[in-house]
Structures are given as C-alpha cells and as structure tokens.
Amino acid sequence: MEPPEEPLRPVIYTMENKPIVTCAGDQNLFASVYPTLSQQLPREPMEWRRSYGRAPKMIHLESNFVQFKEELLPKEGNKALLTFPFLHIYWTECCDTEVYKATLKDDITKWQNVLKAHSSVDWLIVVVESDAKKKNKTNILPRTSIVDKIRNDFCNKQSDRCVVLCDPLKDSSRTQESWNAFLTKLRTLLLMSFTKNLGKFEDDMRTLREKRTEPGWSFCEYFMVQEELAFVFEMLQQFEDALVQYDELDALFSQYVVNFGAGDGANWLTFFCQSVKSWNGLILRKPIDMEKRELIQSQEATLLDLRSYLFSRQCTLLIFLQRPWEVSQRALELLHNCVQELKLLEVSVPPGALDCWVFLSCLEVLQRIEGCCDRAQIDSNISHTVGLWSYATEKLKSLGYLCGLVSENGPNSEDLNRTVDLLAGLGAERPETAKTAQSPYKKLKEALSSVEAFEKHYLDLSHATIEMYTSIGRIRSAKLVGKDLAEFYMRKKSPQKAEVYLQNALKNYVAEGWALPITHTRKQLAECQKHLGQIENYLQTSSLLASDTHLTEDERKHFCQEILNFANEQKESPGLKVVLSMHSFAQLKHLHFDPSNALVHVGGTLSIEITLLSQMPISVQVEQIAVSVHFSIEKNSYRKTAEWLTKHKTSNGIISFPNENSSVPFSRSSSPALELYEMYERSPSDNSLNTTGIICKNVHMLLRRQESSSSLEIPSGVTLEDGAHILKCSNVTLDPGVNKIIFRTQAKEPGTYTLRQMCTSVGQVQFVLPHIYPIVQYDVYSQDPQLKVEPLTDSLLAGIPQKVKFTVTTGYYTIKNGDSLQLSNADAMLILFHAENRAIIYSNTREKSSEASLMIQSSEKVTSVSLPMAPAYHMIEFELEVLSLPSTPTSGESDKLVNKEPQRKNKEKQKAGNCMVTLDQKVSIDCPWSIYSTIIALTFNIPFKATHSLLSAGKRKYIQVCVQNLSELGFQLSDSNLIDTGNSPDLQLVPLNTKCQKGNKARQEDPRELVGDAEPKNSIYIQHIYSKQSVFFVWELLWTKELPPSLHCHFSLDFYPASEDRSISLKPYSYEFQVENFFTLYNVKAEIFPPLGTEYCKTGSLCSLEVSITRLSDLLEVDKDEALTESDEYCTTKLMYEVVDNSSNWAVCGKSSGVISMPVTARATHKVHMEVMPLFAGYLPFPDVRLFKYLPHHSAHSTQLDADSWIENDNLSVDKNMDDQTDNSSQKSKSSSHSAASVEHKGLPMPRLQPFPSGQVFNSSTGMQILVIPSKDDHILEVSVT
Amino acid sequence: MRKKNKNKNNKNLNASWLKPYSLLQNYPLYIRSIPAEQELKFHYTVHTSLDVVDEKVSAMGKALVDQRELYLGLLYPTEDYKVYGYVTNSKVKFVMVVDSSNTALRDNEIRSMFRKLHNSYTDVMCNPFYNPGDRIHSRAFDNMVTSMMVQVC
C-alpha cells in the first residue's frame, strides 16, 4: 500500500508521520543499532487484530524513533494522537553487575517512574550483548544474570518486557535469530500499544460524539478529534479506515444540515450559515489544506470551507486508494450537495459566486484526476468525468450570461461591477497553482475578462463536452449541450452556427417523438431560420409550428400569419414560388369517387370529393387546389370494360388515408410511407401472365441510412410534377378542421388516371403533398357496342316456345330512333312475338332508367326488332320467344334407310347415354352499329326419343312405338298416329291403345306400360308424360293380300308442355321407321312328354322333347336365297335347329342340334325328337329352340366368316352376329377379303348360319313351363333361395 | 416546494409490427409533472436521462446480473433534481425526477414507488382496448400517479 506519489506524504509539526517510539538509555548504542532497526522493522507484516469486530489486517510497521524526553509524554486530557509515543524503549549494553547496580538500575527506575507518572505502560528494555565485551571480561557473571536482574527488578510478571539482542552488528545466524526475536517482540508490543491506545481514543471520541446534543458541543472540535484518528490510520497507511473517519464526519454534518432544514437547528451550525465571501474552489493539490484546517480548528470556517477541506482529504485518500473515478463522482455529488445545502441553510450568496466556486472546483477535480492518471485511463473513463465537464460548461454559461459576456454589445457597467465583485471573491491565486498555466483560477479570470476570451473558453468547454458525450454514446446529452451552444450563438447573432445544432437536436427529438422538446426546438429553429433568411425553411417550420397543438393559440396564429404575410407580399411582385410540404398544413383524410367504382366511360363525369383536415389555426383562403394526375393507357383492355367494374372495386368508393397523427406524434412523418404498386409482366407472344408482383417505388427513400436522411425541416424531396392532367378547384377557404373539396372532371381519353400529387396554392406559397398513398386511380373506358343473346333456361328445348334474352350494351353508340336489329330467319326456327314485349334500359351502373315497348316486324326472311332510343353506355335488355321445329328422327330395321344428317352426327352422343338430340340453329343478326352481321348459334334439345319394335303372335303382327321423355319438363301428349307411308291399300294399322275417357286416367299402374290411345281428332285424349318417363303405343297390322317385304311407317304425336295451355299449335313430334321381313314363315313348337307310364316328369328321368317346325306359308320372295333348293315345283330349304337351355334346367341327351331340309310349302311340318332330362324339380321353362337358315359354304357371292370370327361370333351371340351381318356387309367384306388368305390356308370352308329376322319365326311354346316332380330316391334336396 | 415528474418511455423492442416504417424507440408513453411551468425542462431532463438508462441497461445485459432487479437506481443527480430509473423486462422505462432537496425520499421509497408504477402500468397493458405502444390515457393510471405525487409533496 505504498502511496503512489512520495511528495504527498503529509507533514505535520515538522515530524515525520510515523508512530513515535522513544528511546532512553544508551544513545550511542541505539545510534549504532538504528540503521538496522529502521530498515528491518517494516520488512515483515504483522497481523493486527482489531477491536469491535473489525477485520484483522496485515500491517507493515514503521516507527519514528526519538530520544526519550519527558515532554513527549502526553499530558492529561491531551487528545493528540499523532504526537503520542506508542512505545518507550530503554537501551543498555551493560554486562557488568557493578555498573548495573551503580548507575543503570537507578537510571531505569527513574525512567520507569516518569512513565508511571504518565500512566504509560508500553515500554521495553533492550539489553544488547556482544561477544567482544564478553571476551574482555571473562570473569564476570554469566551474561544472563544482568538480564535476570533487570527482569527481576522491573519486569514484575512481565518478563517479556525485557529482551536481549545479541551481537546486533555481526552477521551471524545467532545475530539473525536474536534480531528476529527482537523485531517480533517490538512489533507485537507496538501493535498492542496501538490497539490499546487507539481503542481508548475511539472510546473517548464516541463519548464526545454522544454529547452532540448538549448545548456547548462544537462540531469543529469533534471534527479535529476524529480527524486525529484518521491521521493515525493514514499514518499506519490504513487509508480505508482513514476515509471512513472522514465519511462519518461528512455524514454527520449532512445530517445536521438536513435536520436544520427540518427546523431542528444546532447552535454551532448557525456559524456555517454566515454569508459566503470567498469562493475560490476546491484545493486538491496539497494533501492537507492547512489554511482551511486552521479555520476549522479556530471555528471560523464557512460551510464551503468545511466542505472543501473535507473533500480535499477524501480526495487525497481516494487517490491513495487509486480510486480516482470515485473522486469525480463524489465531486459532482459534493458540488450539487453544497449548492443545495447553501439553499437549505439560506446562506446569502452573491449572484454568480456559487457558479464560480462550482466551475473552479470542477476544473480542479478534473485536473487533479488528470494529474494522477494517464491519457488512456482518462479516455476509457470519460463517463465518470463528463458530468463534471458538463457541469463546468453549464456554470460558465450562466456566469457569462450573468456578466453580460454573451450579449451582442458586451457587458455594461452593471455587468462589469458584478464581474469585479466575483473576481474579488476568488482572492489571490494559491501558490501551488501559480505556476500552472491552465489553472482553473487563471481560466476563470481570463474567461470573465473579455467577451472574446469568454467565447473561446465557453466554446472549448462545450465542444469538449459534446465530444465526450458523443464518444460514450450519450447522444441525447450531447444534443442538449449543443442546444445550449445554439442558444449562445443566437445571442451572439450568428444563427448560421446555431442552425446545425438546432437541426441535430430536433432530428433527435423528432426521431424519438418528444413533443414538447420538438416544439421548443422548432421555435428556436424558426427564429434562427428567419435570421438566416432561409425563406423556404422558415415557412416550412412556421407551418409545422402553426399546426403544433403544443403551442398556444396566439403563437400558432402568429406563425400562420407569417406564412400568409409572405404569400401576400409576394403576390404583388410575382417572384419565386415557395414549395412546402403539405403534411403540416393540411392532411388528406378521405377521398370519395362518384361513381363509387371510379370507373367512368368516355365523356362521362367523374367527381372526386376529398376531405382535407386543415391544421392551421385560422381560416386560410386558398387560391387553388390542384391534383396532378398521371395518365397511362392500359394495354389490358379488360380493365376498361363495364364487366370489370362489377367484379372489382366493391368498395364504396371511399379511400381513407392513414392518419399521420397516430398514437406517436410526428413519428410517421419521419420516414416516408411505402408506395406499393402492382406489377404484371406478360409474355409478348400470347399475352399470358408471366410474373406478377409488388414494386415499392420509393425504396431509395426507405432503405437510406438513418443518419444521412435529410432533415424534415428541409422539404428537399418536394418537387412539383408537371402533368398535362390536373384536377383543379379554385378559391377555396380552408377552415380549421375538416374541409370537403369537390373536383369534377369530364372523362376524355380512355385509360388509367393515377392521382399523384396534391398542391395547394396560397399566394406564392404552395403546399405540396408529394405522393398520394395509398394509390388512388380512376379509369376511363371506351366500349364497343355489344349484343348478347342467351337462353333464359339452362338449355333450350326444341318444339316448344323458349325464351331468349337479348342484351344490347350500347357502349359508345347512341341508339337513335329507328335503329333496329335485323334477324334473318332460320328455316327451322320461328321467332314468336307478343304485343306486350318490353325492353328495359339500364344505365351504366345497372340502375334501371326506363322501359319501352318493343316493336317487332316480321317478314318472310327477316324479323326486325326496333330498339328503343338509348344513350351511350347503357344497356337494353329484352326477351323474345323462339320456337325451333323439331326435325323427324327416323329409324328402321336397318340403317340402310336414309338417315338425316343431325341424327348421324349425334349418333355417338346417343350411344353414350340417354342424351337428347341437339339441333343447332344459327341466326344472323344485323346490328345498327356494325356493317357486319352477328351470327348467334342457339342449341336446342329434342325432348323425346322414340323406338319401335315388331311383335308377333303366330301370324298376327303388331307394331309398338315407345316414346321416351328425356327432358326435365312434363308434357301432355295427344293424337298419336301411325301411318304407312307406302299407302298400300291392303294394309291396315289398327291402334290397340287403350281408349281412355280422360287423359289423366291414362296412367296405369306401371308407368312404363302406359298405352296411348289413338282416337279420331275430334275427341282429344290427353296423356301426361313426365320427365324421364316413357309411353308405349301399339298397333296391329292387318293385311288382306300378300305383304310387301318391308313397311315404311310414320309415327306422329302431338305434344305441348304440361304447364302451359295449348294456346299455340305446335308441330307434332314425328318418327319414321321401317320394318322388314315381318311375315311369319315358321312356327316352332316344343313339347315335353313325361316318360311313358308316368304322369309327370321326374328329375333325373329322361323325357322326350318333341320339336315341330311348321312352315306357314308358301314360297315367298324372302325365301329366295342360297339355302333354297328348287326342283321343279318342289322347293326345300335347309334349316338348322338347336336346343339350348341357358338356365341349365335341362340336360339335353344326344344331339341337341341338327340340320333339316324343309319343304317350302305351307303346313309342311318337320318333327324332331330328342331326350331331355330335367335336373331340377318344379315348374321348369322349356329349353329354347332356335332356328337358323343353313347356308351352304359354296354359295357364290356370300361372304365367309373365317373360323375365328365364327367362333367369336358364336361365343357372343349368334343372333347378333347374323343381325349385324346384313347391315354391316359392306364393312365385313372388307375384313373378310382381308382374311381370305387365312381361310384358304385352313382349307375348311364352313357353312354359314343365318338367323331369321325376328318376325319370321314364331315360337309358340315360348314361356311354357312343365311341372317336374322330384324323384323319390332323391337323397339330396337342393334349396336355392333367390 | 417539491416537484416530481414521472415519465415512461417505451423502448419498443417488439413494436415493430406497430410501426413498421419507423423503428421508434424511447418515445414517451406518459408524462406527468408538477408544477406544470417547468414541464419543458422536465421533458429535456427525462429525455437526456435516457442516455444513462441505455447505458445501464446495456451494462446489465453484459453483466448478466439478476434479471429481476429492475430498479436502476439514481441515474444522475443534477443541481436541483435527482433522476431515478427503472426498466421492466420488456424494456419499458420508468423515469422519476425528484427535487433533490426532498431528503425524505430514500432509495427504498423510490423503489416502492417504481414498483407501484409498474403494477399500474401492467394493469393498463391488461386492458384489451389499450394498444401497446400507444400513449397512456388511463384514468386509473392517472389517479395512481396523482396520488403518488400528492403523497410525496
């Protein structure tokens, strides 16, 4: 714990500041030992155990050895500790008993008596022995005897009070040992003495302190006592303890001051309340300021004196403890505290005196710290010292203001007097700083001496402080000092220097949203800018201030008036225009379009109502408000159509702008809002969308570094855009608060118009809103006239009247009187019209504007619909009824018959399902606006589908027609009719349809078995056919003569929708078909007989099956084929029969098929017998008997099926194969010729089988059943449950 | 005559969703002062004190001291006022400026006042109609601050 600076050792009473140890006895001896002793004593530390539970400490002891004198011993009541001898040592090297008895004993006794008289018990007798002396006197008593004698005589029970030091000046181990023992003893005794004496002192001190409430108690006296203790600790280099003593004194004093303030005054304190006459600051260069100490001792110190002294001591100790940063911190506290205490004690202080004192003290502390630290240390601890710098700056500033050094004209006489008084209070410079050039004293004196010197010093200090604050990141503090500097510059009439500081500070406040500082700083800035003549900036700041609600109404009006004055001044002499940002002047709140979808056709009127919130305190007459509009032609024409309008922009046409004054004032204005635009990129080839995205158009504004962003006060970004398209509104008065302004414009060119800027002109001042965001656009479109025809229902049905809606979108075309739509009539489509046909005219926004009746004139070729008059961009809607005449679908036994085109076209459709046949009707319409015709295609569905079938009963023939309703509608049917188109007189078609009294009773239990009636036309029988249902009609075919091989029939049926009256006569539904080969040639009859002798057939027993094939007619035309063999009059044909039981009820035994030769003669019968066995019991249906024509293989022109086809066809269905064969012959020939090679290759030409057309063979046993009883010995009973 | 001024600054670390375009910090949420004439001075003082708050908060982060200690203690003394600071875990700052002649206010009193403020602020935040980051216009909070100021003066 070596103090860092040697010269700082306190000097008190010319003595060295070490504990005093007196030496009595042989002075020469001591002198010889002293060098070793003083060197050895502090070498080793000793543990000092303390009273009152204080922590023990290791301590290096040093002593000041002085010759013993009685005066040194403290008198009773003397509290001085520094001069207190802690140990008394008596030195002797006597080894002669004689000598001891003669002189030494008396001498020691006398010494002891003096000590006893002063009640000092800390003593030690040292006997030095040397071998040299022993040698000389060998006859003397053993050396211990002298020591023993001394111990015996003086050290009553305290034998340790006498020590022996052997050969102290020799260099032997024995000497070393003896020295060590001695030193330890010495140290122990010294510490014992310290403990005892200091303890006693502290007790006394405490007692004194406890008396502080007594009237006569004096703080100064007590101060001196406790400081004594501090000195001792300092002497022992226990700086911490010493500091504690001063801190206790400090706290005690502070408490008294506080109590005084609370009315509990101590008498002694009144002395400190004497007015301040000297303010020469702290003195920290001397370890002890004796001058002030004496003042305290003599109880003449003022409060500042006491505080200064106390702090100087604390400072000294802290620097010993190497805690300089605590010094700076405590210094600031002290200075603040002193100012407060003087205020509290109501001490009269001349104005400026304290400022001087604080200023000097700050600099003194700073210089003191600089004196004991290197540069790097100081730089890294700026945060500790910057407070003092700032405080000094502040104080110098107030001194400057006080002494008139800041004013433009310099100090007046009063100021000068004050300065002189202040300087007088400083007194003369202390000697210790007299040589220092930069001493605080000199600085202050110089600063107060002239305006220039003050400015220099003040600027130095300010800049230093700002720099320091900035370097440690205390930006706000730096800005505040900068603002003071700005104030200073303003006073000095140099606003150009002030401006930058004000701007910086303002930027900071704005960024952090501190309203009051913003307002205040802005006000200062306005003044500065006014002085600088920065008209634009000044007006901008004024507008901000005029809208600032933190200012008083009068101030706001003043700034508003400033703007108006300027605007009016310039009116007379038109010069430059001043462009200001609008956000402080007025805010755009809402914008409302009318029409609300912001879409207007060419020539239409658009009005835009904007809501402006004027921030000015008074009404402002605005000459013009203009909105510049950016025009762009959109390539996307879709956007311009009226259709787009209905799909997009569902808003109510009001666009709200974000509130700039949100929760945090001024925050949003600090950075610009995002300006986002949609972006579409289309491929150049097919105009398909490649990419889409959002573009921020002001990235450069947003991503800019915060520091470099230009100040708000300079509206540098505000530029006026020149555009050809401007919306204007003149002579508007903007009242404070909400104003509504309406712009009207006539749409001219089609395209998109984007509102970009808003500019408000007041005289020559223009307030500009540089960007309107969110983006506001309106569109102007131009549209071609259009005609749209669409059915009212999902699909149109042919044959009945259907409604079709016509929509005429006029677009730019105005429909004049006489304009009409010319519809060229299609053959199969009628346009029906009624007198009450009305057209409705809608406006552009789908509002109904008028209604007019429709004039329709029809000629043979053309139907003309005269349109009602309608202005441009309107819509006319009307409905017409159309009737498509259904064509006659035909069908027949074979497709050889002519099919009509549409049917063939739709064949595939029909195959896919029960789809309706469609008819396309095309209408060409001539529109008045175009020279070209518009072709409209309408698709009609035929609601019905008819099928026919031929039914036989023996030789009798019936024709059945099935009509299926495919539509969703129900119909009423009547007048079913079937006629033979061949009109052969021998033929008669007799309807077998049930005769119903009323149409609605026609419905029988099974809807599928509905039978229509065919009555004469005079009585109408109506039949309902519901959606997706069928109706069947049957006719018997009667003939008188031989029948033609084929029959052409035409079926017709009247129908009309069930829901409507049959007000109009509709064309009946017709169906043509052809039946062929319908005459029955053979009758096949099968009979099963039970085995002989049994009544019934039994399972498992063979029964006989008799098949009889009977020819019913003579040779007919149809028989003439290759199977026929003719010999004379006798004709035979070859037939193949086949018994098949598909249901596996029967087992056919033996041959199940065979070829027979059949005479072609009426009633010729062929019988075949075979055995069948029933496999099951019960009523079993007869097995099927099939009959085919057997065509020999050698037939000349016949086509052959190869083996594969044969097998294949056999597998599928012989019937079908044969059925197909005829109608597909042309196709088959292709495939057979293709496979001819393979046929030959196989070398086996096969005979062919050809089934009879369905009408030619009548199976009279179809559907017959025979009872089979189970055989008795059946073990297995099979029960199948289905 | 004793004066006291309270202030809150929200260092809005999580407020970026509120003000995405201005990374705003340290703006006042609530300022109250008596007497009102000195208000401007208090605003400057409190604003400047944020320097020290920032310093202390960042030092706290480095030292990883007990996170529950929200009281920052005396920020700095001035000639006339003592400025105390407090910062919540969400970095909402409370600053209290007290007349330095008011010796009745020791550290403990200040600390408990801050705790009271914090509690009241939490109540404000619990109000579903309060938008975090907005200025505080709560009568309950007002009353609490008033009562605290009256009590001290």
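The values are calculated or read from the model by the stated rules, or taken from the named source; none is laboratory data. The shown structure was predicted, so the numbers you read here are calculated from the model rather than taken from an experiment. Heads up, the Cβs are rebuilt from the backbone with ideal geometry, glycines too, and the neighbour counts pull from every protein chain shown. SASA here: full protein model, heavy atoms, side chains in, ligands and nucleic acids out. Shrake-Rupley method; radii C 1.70, N 1.55, O 1.52, S 1.80 Å.
Data table
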| quantity | calculated |
| --- | --- |
| Contacts under 9 angstrom Cβ, first residue in the stretch A:1248-1264 being on the phi > 0 side of the Ramachandran plot, partner hydrophobic (A, V, I, L, M, F, W, C), 6 or more apart | A:1263/A:1182 |
| Residue identified as over 28 Å from residue A:415 (Cβ atoms) and of a type in the set (Asp, Glu) among A:346, A:364, A:370, A:394 | A:370 |
| Tally, over the stretch A:484-501, of residues that are closer than 14 Å to residue A:463 by Cβ and touching a residue at least 40 places away in the same chain (Cβ under 8 Å) | 3 |
| Pairs, first modelled with pLDDT of 80 or more and surrounded by 14 or more Cβ atoms within 10 Å (Cβ to Cβ) in the stretch A:820-845, second in a loop (DSSP other than H, G, I, E, B) and of a type in the set (D, E, K, R), C-beta under 9 Å, six or more apart | A:824/A:861 |
| Evaluation of residue A:315 against (1) at pLDDT 85 or above; (2) part of a loop (DSSP other than H, G, I, E, B) (one fails), failing number | (2) |
| Test: residue in the stretch A:401-421 that is within 14 Å of chain B (Cβ to nearest Cβ), over 19 Å from residue A:365 (Cβ atoms) and of a type in the set (A, V, I, L, M, F, W, C) | no |
| Number of the exception - residue A:408 against (1) open to solvent by 40 Å² or more (accessible area, probe 1.4 Å); (2) at pLDDT 85 or above; (3) of a type in the set (D, E, K, R) | (2) |
| Filter result (in a strand (DSSP E or B), over 36 Å from the mean Cα position of the chain (by Cα) and surrounded by 19 or more Cβ atoms within 10 Å (Cβ to Cβ)) within the stretch A:601-625 | A:601, A:606, A:620, A:622, A:625 |
| Filter result for residue A:465 (in contact with a Pro (Cβ under 8 Å, 6 or more places away or on another chain) and farther than 16 Å from residue A:404 by Cα) | no |
| Residue within the stretch B:50-60 that is open to solvent by less than 10 Å² (accessible area, probe 1.4 Å), in contact with a strand residue (DSSP E or B) (Cβ under 9 Å, 6 or more places away or on another chain) and outside any helix (DSSP H, G or I) present | no |
| Test result for residue B:122, of a type in the set (Val, Ile, Thr), loosely packed, with under 14 Cβ neighbours inside 10 Å and in a helix (DSSP H, G or I) | yes |
| Matching residues in the stretch A:955-969 - criterion: being over 17 Å from residue A:1035 (Cβ atoms), at pLDDT below 85 and open to solvent by 20 Å² or more (accessible area, probe 1.4 Å) | A:968, A:969 |
| Options A:446, A:512, A:487, A:455: the member that is away from every other protein chain (no Cβ under 13 Å) and over 20 Å from residue A:364 (Cα atoms) | A:455 |
| Conditions (1) away from chain B (no Cβ under 14 Å); (2) open to solvent by 70 Å² or more (accessible area, probe 1.4 Å): number failed by residue A:440 | (2) |
| Single unsatisfied condition, residue A:376 versus (1) assigned to a helix (DSSP H, G or I); (2) more than 13 Å from chain B (Cβ to nearest Cβ); (3) within 25 Å of residue B:100 (Cα to Cα); (4) open to solvent by 10 Å² or more (accessible area, probe 1.4 Å) | (3) |
| Complete set of residues in the stretch A:355-367 that are within 13 Å of chain B (Cβ to nearest Cβ) and either open to solvent by 10 Å² or more (accessible area, probe 1.4 Å) or outside any helix (DSSP H, G or I) (or both) | A:355 |
| Per-region count, the stretch A:470-483, residues in contact (Cβ under 8 Å) with a residue 24 or more places away in the chain and open to solvent by 20 Å² or more (accessible area, probe 1.4 Å) | 6 |
| Of the criteria (1) at the interface with another protein chain (Cβ under 10 Å from one of its Cβ atoms); (2) in a helix (DSSP H, G or I); (3) modelled with pLDDT under 90, which one residue A:469 fails | (3) |
| Tally of residues being open to solvent by less than 70 Å² (accessible area, probe 1.4 Å), under 22 Å from residue A:188 (Cα atoms) and among the polar types (S, T, N, Q) across the stretch A:67-119 | 3 |
| Members of the stretch A:222-276 found to be within 14 Å of chain B (Cβ to nearest Cβ), over 26 Å from residue A:350 (Cβ atoms), outside any loop (DSSP other than H, G, I, E, B) and not small (Gly, Ala, Ser), listed by number | A:255, A:259 |
| Single residue of A:1231, A:1260 found to be at pLDDT below 80 and not hydrophobic (A, V, I, L, M, F, W, C) | A:1231 |
| Some residue of the stretch A:846-866 being in a loop (DSSP other than H, G, I, E, B), open to solvent by less than 50 Å² (accessible area, probe 1.4 Å) and within 28 Å of residue A:601 (Cα to Cα) | yes |
| Number of positions in the stretch A:1252-1270 that are farther than 30 Å from residue A:1096 by Cα and either open to solvent by less than 20 Å² (accessible area, probe 1.4 Å) or among the acidic types (Asp, Glu) (or both) | 2 |
| Test set (1) open to solvent by 50 Å² or more (accessible area, probe 1.4 Å); (2) of a type in the set (A, V, I, L, M, F, W, C); (3) not in a helix (DSSP H, G or I) - residue A:128 fails condition number | (1) |
| Search result, residues across the stretch A:318-354 that are among the aliphatic types (A, V, I, L, M), more than 59 Å from the chain's Cα centre (by Cα) and outside any helix (DSSP H, G or I) | A:345, A:347, A:349 |
| Selection count where residues are out of contact with any strand residue (DSSP E or B) (no Cβ under 9 Å at 6 or more places or on another chain) and of a type in the set (Asp, Glu), scope the stretch A:828-857 | 1 |
| Cβ pairs under 6 Å, 6+ apart, first in the stretch A:1152-1167 and under 17 Å from residue A:1124 (Cα atoms) and in contact (Cβ under 8 Å) with a residue 40 or more places away in the chain, second assigned to a loop (DSSP other than H, G, I, E, B) and open to solvent by less than 20 Å² (accessible area, probe 1.4 Å) | A:1162/A:1113 |
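Yes or no, residue by residue, for (1) closer than 26 Å to residue A:226 by Cα; (2) modelled with pLDDT under 80; (3) touching a Gly at 6+ places or on another chain (Cβ under 6 Å):
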position: A:5; (1), (2), (3): yes, yes, no
position: A:20; (1), (2), (3): yes, no, no
position: A:39; (1), (2), (3): no, yes, no
position: A:51; (1), (2), (3): yes, yes, yes
position: A:54; (1), (2), (3): yes, yes, no
position: A:77; (1), (2), (3): yes, yes, no
position: A:107; (1), (2), (3): no, no, no
